[in-house]
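Novice: For reference, the structure I am asking about is given below.
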Amino acid sequence: MSGAGRAVLAGLALTLPFWLPNPYFLHVAIMAGIFGVLALSLNLLLGYTGQLSLGHAAFFGIGAYASALLTLRLEWSFWLALPAAVALAALAGWLIGRLALKLRGAYFVLVTISFAGVVALVSVNWMELTNGPLGLPGVPAPTLGPWSLRGKPAYYYLVLAAVLLASLVCRRLVHSRIGRAFVALRENEPLAESVGVDVTHYLVLAAVVSAAMAGLAGSLYAHYTRFVSPEVFLFSYTVTMVIMVVAGGKGTLAGPLVGALIFTVLPEALRAVVSWQWQMLAYGVLLILLVVFLPRGIVPAIAAWRVRQAP
Amino acid sequence: MAELLQHLVNGLVLGGTYALLGIGLTLIFGLMNVVNFAHGEFYTLGAYATFAALGLAGANFFAAVLAAIACGAVLGALCEQALLRPLRAESIDTTMLVMIGVWIAMQNAELLIWGGVAKSIPHPFPTAPLVLGPVSIAPLRAFVLVLAAGLIVMAYLAIHRTRLGTAMRATFQDRDTAALMGVRIHRMHTVTFAFGSGLAAAAGALLGPVFLAYPSMGDLASLKAFSVVILGGLGNLPGATLGGLLLGIAEELGAGYISSGYRDAVGFVIIILVLLLRPAGLFTKQERIG
Amino acid sequence: MARAAGTLTLAVRDLAVRFGGVAALAGVSFDVHPGTITSVIGPNGAGKTTAFNAITGYLAPTRGRIEYDGSPLTGLRPSAIAARGIVRTFQRTSVFPALTVADNVMIGLHLRGVAGLVDVTLRRRRLAAEESRLAREADGILDFVGLGRRRGERASELPYGEQRLVELAVALGARPRLLLLDEPGAGMTTAEKTTVTDLIYRIRDQATTVLLVEHDMRMVMSISDAVIVLNHGRVIAAGTPAAIQAHPDVIRAYLGSAGDRA
Amino acid sequence: MTRPLAVLVALVATATLAASSTVSAQAPIKIGVIEPLSGPVAASGNYVRMGAEIASDWINARGGVNGRKITLIIEDNKSDPKEAASAAEKLIVRDRVPAIMGAWGSSMTLAAMPKLEEYGVPMVVETSSAAAITKRGNPWIFRISPPSDMEALGLEQYVDRLGVRRADFLAVNTDWGRGAIAAFGDMLKKKGVAVGAAEYMDQAATDMNAQLTKIKGTGGDTLFLTTAVEQITLVLKQAQEQRLARKIVTTGGSSSPTQLIKQAGAAAEGSYHIVFFMPWFPEAMPDAKLARAFVDEWSKRGHPFEGLTEGFRGHDGIATIVEAIRVAGRDEPTAVRDALWRVSLVGVNGPIRFEKDGPTGKESGQSKPSIFVVQIRDGKVALPDFLAKQ
């Protein structure tokens, strides 16, 4: 993207609360931001190391529950609970990374699904800790000094900061020996090992960073909706992340964000244009069309198109 | 003791249903390498097709089951030709995403057509249980278990003992050589997907009457099918069968003796353990590396 | 022959590898001396690549010992062995296909960088300095192998001969002290083989010991300081090229195996 | 145009269309409805929607309220709390509804509640049973369905006549099931009934044989069953296969005995069901005429009879909101909220009037609905012996 394009985009993002016609759109923007962080997180594993995690909702949920419990039960400040939630999710990522590092492809997928399944069942059944299926209502909104970040514009900037942070981390990682090691594992694992890329170390590292980012999104989600229930572990959340990453363009920095924006706006847009009977059907059909016409995702398709335009 | 026996019988019956779900997917996922999230929807389709054939066309129960299988196979073939064929050069994630789209679209189309109310599918078997000493089993479930075993054996023979099956396996093991030997690659893809989808529909047709038919019934079916396929080893029909039985019995005993709230967790933990200890699946000979 | 007295770079002792019931290596021992080019030859299935895989940690030997500079390598993972300075190439062309030639080499330079997660996320300047240093090194290696003008192209789009050079450049990125080349000349034209032979000399001259598996006897006999002959998983001869060419067992093995396979 | 561009343009166009919402001046009064219309409990959500539509059509046929017609804006929460919150936000901000009815499941309702507080819009809760909903101090919540403990108290008077001595529980592993086990367990213990096993099943589970085998081993006489009608059907069938000889009592009012007779057949024989509407005996309902009219209208529309036990909730919820708008005299959220405290009407279930519940100063409204018990006998829905004889 050109410098001018980037400046316009930054300007739009920074001024969004001032020109969006109503808070509902800001709500959509906040959800898109939270899912943007999630999509970036999944993309680190799927797009760069080539390992598909279908248990990513687990890290999201762990982040959400950790943050909610620490602020509700121990009355920690949001600013302490947030890093703690990130750390706990990262720990879970480390565990999964260690457990599953010998597994690839379908087997890795199933271990991550199973892990998420176990965590979800714990959230339902461990009543004393999680309040079970009743969930945790009344998660406090964050405050910053004397100001509450309860309002949507303030929370929007918080989420925007998180999105920027997550994309910055991704960008730096990708353009470093760590990111290259991730890609090397995806492209040719034996060759990567032959020049000293430690498979275990980098797969676990990718899982940890990815899980930490998902935990960040989970904490932001908990303090935004102010209600956490076992549904945060729903498989459909993971599926949504996969849709965002793959349709946006896996293995690109912008793809997950574009995917998150489109696939958060799309269901809300469908609410407005199609009656409820047809919404999910339309969503599925649009997804199929998108994959058939742009199999590599939106961002790579645009990049390829631009290359063709400028010979 | 009587309770344990009953749990084991229950587990066997449940495992049989899991195996039935798994064999279709082990072809599509194991051989074709398509992460088919829509597998459960073909199962749902089988159940609704049976319901429609019985209720609307007034067909005989067994004819309805056959019609449902045909329905699943035809739709599977269409799906393969229209969506998967153009994406054959793309990565496994791309085909997975298109199947996620099919999953969402099919499930909501079913909701639109049939409404959300569960349908009970009538069957010709008596409802009173067969009592054998301390244990009991419903005649329908016993029938399904026998038929599932029959279907599994048939599928095995079709794949390992017929020319078509040989061509099928050749296609996915070494596509170029198979093409050189005159196998029509495109057609083998379509046939395999149709075969797998037909088996899923068969599972739906048989299990629909045991349970109920409703639009989201395929979600759980997909999850269990994936578990069974991976437990048994990709593309391995006897493995999928044993994997199904293992999962069924483990869940049953877990719910019976540990905690019913953690029932599915027992299955998940077994999957994790199996994959950690035998990464290529429980019933596959370890491949050598190098 | 340039041979430093006393220390061996690589010492393989009684190495055995079995696959199921088949013995791919049945007790192999040989030495590689520092600063030399040593070739391993033998008919197909003699166990050459298996030996490479065992030395570089890609498979665990059933029995035996591998020592490098006096300390054992057995049990180490490939990446740890690479970190000790032993780098290999593969028999079949092995590159990072979707990446540019320059990025391929940058991955090869993995061990030349030190940036960890903290550097990458927090120490921007240090990261930038490392990145530009690595980029310069990559340029140097690409010029060395003669791929300077291909740096922006995708590795998978290069012709076969150049892909093998990319592979070599990736391996050189790790600054090997012992480089194991698995059939570097296979499938190449005579002109390309000359280029590769020349490169191998230049690599040796940069104080890298080279261990080579190769089928082209002319190439082997012209560049090797020492030759080891394997057949049916055993060493049947070892010595200078001249000695090997005259060795009766070697002649028999090659003719015999040709007869067996006919 | 190239393909990537065409797809992008299509997506952007959809989004833009969505953005250009039209609000006209003298439009009908909008009322928001949030129900699970797709997903695992879609059937129940859709029945509630059908009931709401009947109420809306009836009100409009009578000339609307305050001289204006009403129109329902229906949103699907897909059984996902996130979607419920989004739907509430959309209804409040985009559609500017003065009140909402919803959102079936308790976790959906709980997730939507912060939005009500944020914007100051009241919600009439038609189904959710979690105690927390009215205890949290959200003054925008008005519930017409009974929380589990109220339902348990409603059953208390019949415990002896049902002959419950030793009870086991089987419930869906959600807030609803867990809440029911706690509430009914407490009530039964107070009555001196022994409580045996408490087993759970996943919302999507279809095979409950393991739980039933375990329950069979406790030697109790009554099984309390709390889940949606689909799972009740499966449990009844599988209980028959397992030869589980128990009185079965279903709680929660979502059992739809007619559907059970159809789908579980003989396996449903003898089971008792707590319901909040008895469409089989409209004359026995508090407002017999209304109940009869509702049943007739329902069948006239071709809706399945078995949906009535769920569908009445939609009618009563919308009727309550419209009554509040009438009392308030305008369709402004705060006025409607204040008016909700003053409404008194008779719905299909019976009288609806809100009493204060929850922390002082921030009370939620809780109505005290009527609770009934029916039994399936000889393939028909009947009043239990002990009630019929009265």
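The values are calculated or read from the model by the stated rules, or taken from the named source; none is laboratory data. This is a predicted model, so every value here is computed, not measured. Cβ placement follows ideal geometry from the backbone for every residue including glycine, while neighbour counts extend to all protein chains displayed. With ligands, DNA and RNA removed, areas are computed over all heavy atoms of the protein, side chains included. Shrake-Rupley method; radii C 1.70, N 1.55, O 1.52, S 1.80 Å.
Novice: Hey, any idea what % of the range C:115-262's accessible area is carbon plus sulfur with a 1.4 Å probe?
Specialist: The value for the range C:115-262 is 53 percent carbon and sulfur by accessible area.
Novice: Right, here's the next one. Partner chain Cβ atoms within 10 Å, averaged over the residues of B:30-39 - can you pull that number for me?
Specialist: Across the residues of B:30-39, the mean count of other-chain Cβ atoms within 10 Å is 1.
Novice: Find the accessible area per residue for the range B:2-277; the probe is 1.4 Å, ligands and nucleic acids are left out, and the unit is Å².
Specialist: That works out to 35 Å² per residue.
Novice: Express the accessible area of the range A:21-234 per residue in Å², computed with a 1.4 Å probe while the remaining protein chains stay in the model. Can you show the working numbers first?
Specialist: Working: 6280 Å² over 214 residues.
I get 29 Å² per residue for this part.
Novice: Sequence gap at least 6, Cα distance under 8 Å: using those rules, report the relative contact order of the range A:21-234 to the nearest whole percent.
Specialist: On the way: 333 pairs, mean separation 96.4, N = 214.
Result for the range A:21-234 is 45 percent.
Novice: Please give every one of the lysines within straight-line cross-link reach of residue D:214, meaning a C-alpha to C-alpha distance under 20 Å, and leave out same-chain neighbours fewer than 8 residues apart.
Specialist: Cross-link targets: D:237, D:247.
Novice: Looking only at other chains, what is the average number of their beta-carbon atoms within 10 angstrom of each beta-carbon in A:261-268?
Specialist: The mean count of partner-chain Cβ atoms within 10 Å per residue comes to 4.
Novice: Among D:78/D:380; D:262/D:300; D:69/D:289, which pairs are too far apart, with a Cα-Cα distance over 27 Å? Don't skip to the answer; put the middle values down first.
Specialist: Values: D:78/D:380 33 Å; D:262/D:300 20 Å; D:69/D:289 24 Å.
With Cα atoms farther than 27 Å apart: D:78/D:380.
Novice: Right, here's the next one. Among the lysines, which have Cα under 27 Å from the Cα of residue D:362 when same-chain residues fewer than 8 positions away are ignored?
Specialist: Candidates past the 8-residue exclusion: A:152, D:30, D:82, D:90, D:115, D:135.
Novice: Tell me, what ³J(HN,Hα) does each residue in the range B:193-198 have, in order and in whole Hz, if you take phi through Karplus 6.51 cos²θ - 1.76 cosθ + 1.60 with θ = phi - 60° and put x for Gly and Pro?
Specialist: 5, 5, 4, x, 5, x
Novice: Run the numbers on the range A:239-278 and let me know its relative contact order in percent, using alpha-carbon pairs under 8 Å that are six or more apart.
Specialist: 31 percent
Novice: Convert each backbone phi in the range C:72-80 into a coupling constant with the Karplus relation 6.51 cos²θ - 1.76 cosθ + 1.60 (shift: θ = phi - 60°), then list the ³J(HN,Hα) values in order as whole Hz, x for Gly and Pro.
Specialist: These are the phi-based 3J(HN,Hα) values: x, 9, 4, x, 7, 7, x, 5, 5 Hz.
Novice: Still on this structure, I have one more. Starting from one equal scatterer on each C-alpha and no solvent at all, send me the Debye-based log10 I(q)/I(0) for the range C:95-175 at q = 0.11, 0.20, 0.21 Å⁻¹, two decimals.
Specialist: Taking Cα atoms of the range C:95-175 as identical point scatterers yields -0.29, -0.80, -0.86.
Novice: What's the magnitude of the charge dipole for chain B around its Cα centre, counting Lys and Arg as +1 and Asp and Glu as -1 at the beta-carbon? Answer in Debye, nearest 20. Write down the numbers at each step before the final one.
Specialist: Numbers: 15 positive and 13 negative charges, 143 e Å.
For chain B, the charge dipole is close to 680 debye.
Novice: Put +1 on the Cβ of each Lys and Arg and -1 on the Cβ of each Asp and Glu in chain B; which of B:147, B:106, B:120 then has its Cα farthest toward the positive end of the dipole?
Specialist: After comparing all options, I get B:147.
Novice: Only protein chains counted, 1.4 angstrom probe. Which residues of the range B:123-148 are at least 20 Å² less accessible in the assembly than when their chain is isolated?
Specialist: In the range B:123-148, residues shielded by partner chains: B:127, B:129, B:131, B:136, B:138, B:141.
Novice: Which value, in Å², gives the accessible area per residue of chain D when a 1.4 Å probe is used on the protein heavy atoms?
Specialist: 33 Å²
Novice: OK, next. From Cα coordinates alone, what are the radius of gyration and Dmax values for chain B in angstrom?
Specialist: Answer for chain B, Rg first and Dmax second: 19.0, 60 Å.
Novice: Separate question: Looking at the square roots a ≥ b ≥ c of the eigenvalues of the Cα gyration tensor of the range C:51-196, which shape do they give, rounded for a/c under 1.5, prolate if a/b is larger than b/c, or oblate?
Specialist: Oblate.
Novice: Follow-up question, since we're still on this one. At a 1.4 Å probe, which residues in the range D:171-196 are at least 20 Å² less accessible with all protein chains present than in their chain isolated?
Specialist: When all protein chains are present, D:173, D:175, D:178 each give up 20 Å² or more of accessible surface.
Novice: Around residue D:171, which amide H atoms from residues at least 5 apart in sequence, or from another chain, sit under 5 Å from its own amide H, with H modelled in the peptide plane?
Specialist: The list, which skips near neighbours in sequence, is D:199, D:200, D:201, D:226.
Novice: Only Cα pairs within less than 10 Å get springs; with that Gaussian network setup on chain D, which residue of D:185, D:350, D:302 has the largest fluctuation?
Specialist: D:302
Novice: What are the ³J(HN,Hα) couplings of the range C:102-116, residue after residue, when phi is run through the Karplus curve with 6.51, -1.76, 1.60 and θ = phi - 60°? Round to Hz, x for glycine and proline.
Specialist: Couplings: 4, 5, 4, 5, 4, 5, x, 7, 3, 6, 7, x, 10, 4, x Hz.
Novice: How big is the protein assembly as shown in terms of Cα radius of gyration and Dmax, in angstroms?
Specialist: 34.1, 117
Novice: Kindly rank D:106-112, A:114-120 from highest to lowest mean number of other beta carbons found within 10 Å of each residue.
Specialist: Order by mean packing, descending: D:106-112, A:114-120.
Novice: Moving on to the next point. What does the highest-first list of D:36-48, D:69-81, A:140-152 look like by mean Cβ count within 10 Å?
Specialist: Working: D:36-48: 26.3, D:69-81: 22.8, A:140-152: 14.3.
Order by mean packing, descending: D:36-48, D:69-81, A:140-152.
Novice: Compute a Gaussian network model of chain D, connecting alpha carbons closer than 10 Å, and tell me which residue from D:193, D:336, D:33 fluctuates the most.
Specialist: Taking springs between Cα atoms under 10 Å, the residue moving most is D:193.
Novice: Now a separate question. Would you mind putting A:183-189, C:222-228 in packing order, based on average other-beta-carbon counts within 10 Å, highest first? All intermediate terms of the calculation are to be shown ahead of the outcome.
Specialist: Values: A:183-189: 22.1, C:222-228: 20.6.
The densest-packed peptide leads the list: A:183-189, C:222-228.
Novice: Need one value for A:126-134: mean number of C-beta atoms belonging to other chains within 10 Å of its residues' C-beta atoms.
Specialist: If you average over the peptide's residues, the count of other-chain Cβ atoms is 5.
Novice: Evaluate the Kirkwood expression for the hydrodynamic radius of chain C, namely the inverse of the mean inverse distance over all pairs of different C-alpha atoms, and round to one decimal in Å.
Specialist: 19.4 Å
Novice: Okay, moving on. Taking the convex hull of the alpha carbon atoms in chain D, what volume per residue do you get, in Å³? Walk me through the numbers before you get to the answer.
Specialist: Details: hull volume 60.6 nm³, N = 390.
Spelled out: Cα convex hull of chain D, divided by residues, is 155 Å³.
Novice: For the range D:150-275, what % of the accessible area comes from carbon and sulfur atoms, probe 1.4 Å?
Specialist: Details: 1730 of 3520 Å².
Roughly 49 percent, rounded to a whole number.
Novice: Select from A:23, A:129, D:242 the residue farthest towards the positive end of the dipole of the protein assembly as shown; place +1 on Cβ of Lys and Arg, -1 on Cβ of Asp and Glu, and compute about the Cα centre.
Specialist: Checked the options; the winner is A:23.
Novice: Enter the buried accessible area of the A/D pair, total of both sides, probe 1.4 Å, in Å² rounded to the nearest 100.
Specialist: In total, chains A and D hide about 3900 Å² from solvent.
Novice: Over chain C, what relative contact order in percent results from Cα pairs under 8 Å that are six or more residues apart?
Specialist: Working: 474 pairs, mean separation 69.3, N = 262.
For chain C, the relative contact order is 26 percent.
Novice: Continuing with this model, one more query. For chain A, what value does the Rg/Rh ratio take when both radii are computed over Cα atoms and Rh is the Kirkwood radius, given to two decimals?
Specialist: Details: Rg = 19.4 Å, Rh = 20.0 Å.
Across chain A, the Cα-based Rg/Rh ratio is 0.97.
Novice: Right, something else. Using only protein heavy atoms and a 1.4 Å probe, how much accessible area in total is buried between A and C, to the nearest 100 Å²?
Specialist: Heavy-atom accessible area buried at this interface is about 2600 Å².
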